[in-house]
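Here's the structure we're looking at; comments come further down.
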Amino acid sequence: MAQTLFVTGTDTGVGKTRVAVAVLTALRQRGLRACGYKPVASGCIRTPDGLRNDDALALQAASTPGLRYAQINPLALEPAIAPHLAARQAGIEIRLDQLDRAHAELEADHDWIVVEGAGGWSVPLNDTQTIGDWVACRQWPVLLVVGMRLGCINHALLSADAIEARTALAAWVANTLPPAMPMLEDNIESLRARLPAPLWGVVPEGAEAESAAAALSSMTLPGRV
């Protein structure tokens, strides 16, 4: 049975996909069968093969080969808006049992599933449930990606509090963003002193999969890794 790590961020656009790909790369470098899972993706583009999302495609490319796109991203939505609103425009409702079934299909053939959320921890999936509700019900450990820009300390601490109230915050990653953040190292140290989980690493701006994986020098996942 596969183990699962859920990747969330302090906001949208903070580098969740880059970090999720780095984690997948590091796992596969250890000889483990690992796949990404982007259960819900909005902002998909129309292609001859159907709706496709760049983040989900990146996860597919970083996963153990052989998976179809729909296994990585079962719910692809075209509008580039919050998932529950994109689903409403498409005339559907996002149900947690749908997300669970697709996740279960990946478990038998993998050691690890790296699940990437949409936006942050409290993003709605439907009128009554959030991404955090889904993850908390399954008690998956969470990796928090902190986009290093002005305001990130507050966003990170609020996110960590919300996660820790419901499940385990396994670790966090500092992802550097343009433009360069003034006093970057001081901000990282401020977060390190305050967040209730270890720092796995600092991912450089623009890092490709291999170098981003190398930046996760302190990565120690729960369980057998």
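FYI, it's all coordinate maths here, none of it is from the lab. Bear in mind the structure is a predicted one, so any value in this text is a computation, not a measurement. For neighbour counting, all protein chains shown are included, and Cβ atoms are generated from backbone atoms with ideal geometry for every residue, glycine included.
Placing pseudo-labels 7 Å out from each Cα toward the beta carbon at Asp100 and Ser211 gives an inter-label distance of 4.3 nm.
With Cα atoms as the point set, the radius of gyration and Dmax of the stretch 121-217 evaluate to 14.2, 40 Å.
Taking the Cα centre of the chain as origin and assigning +1 to Lys and Arg Cβ atoms and -1 to Asp and Glu Cβ atoms, the resulting dipole is close to 220 debye. Here, P(r) means the percent of Cα pairs in each 10 Å bin from 0 to the largest distance; for the stretch 9-101 it is 16, 45, 33, 6, 0. Full extension of the chain between Cys137 and Ala193 gives 17.3 nm of extra length, using 0.36 nm per residue less the Cα-Cα distance. Extension gain for Ile45 to Arg166 (0.36 nm times residue separation, less C-alpha to C-alpha distance): 40.2 nm. Loop exposure criterion: GluC sites (Glu not before Pro), DSSP state outside H, G, I, E and B, at most 16 other Cβ atoms within 10 Å. Applied to the chain, the longest stretch between such sites is 94-204.
Counting only DSSP beta bridges with both residues in the chain, the antiparallel share comes to about 15 percent. Of Leu106, Leu59, Leu85, the sequence from fewest to most neighbouring Cβ atoms within 10 angstrom is Leu85, Leu106, Leu59.
Segment Gln29..Asp109, full-extension length gain: 27.1 nm, with 0.36 nm per residue of separation and the alpha-carbon distance subtracted.
Helix 152-164 and the longest principal axis of the Cα set of the chain meet at an angle near 60°. I'd like the trypsin sites (Lys or Arg not before Pro) in the stretch 192-224 restricted to DSSP loop residues with at most 16 other Cβ atoms within 10 Å, sorted by number. The qualifying sites are Arg224. Give the distance, in whole Å, between the Cα centre of the stretch 187-224 and the Cα centre of the stretch 37-89. Between the Cα centre of the stretch 187-224 and that of the stretch 37-89, the gap is 26 Å.
The residues neighbouring Asp133, those whose beta-carbon lies less than 15 Å from its own, together hold a net charge of -1 under the Lys/Arg +1, Asp/Glu -1 convention.
The Cα-based radius of gyration and maximum Cα-Cα distance (Dmax) for the chain are 16.4, 49 Å. If R0 is 25 Å, the Cβ-Cβ spacing of Ala90 and Ser122 corresponds to a FRET efficiency of close to 0.70.
Considering only alpha-carbon pairs that sit under 8 angstrom and 6 or more positions apart, the relative contact order computed for the chain is 26 percent.
For the stretch 49-181, the calculated P(r), taken from all Cα-Cα distances in 5 Å bins from zero up to the bin holding the longest distance, is 2, 8, 17, 20, 21, 19, 10, 3, 0 percent.
Sequentially through the stretch 54-61, phi angles give Karplus couplings (6.51, -1.76, 1.60; θ = phi - 60°) of 4, 5, 5, 5, 5, 5, 4, 5 Hz, Gly and Pro residues having no value and appearing as x.
Taking Cα atoms, how many degrees apart are the long axis of helix 184-194 and the longest axis of the chain, rounded to 10 and kept between 0 and 90? Here the helix axis deviates by roughly 80 degrees.
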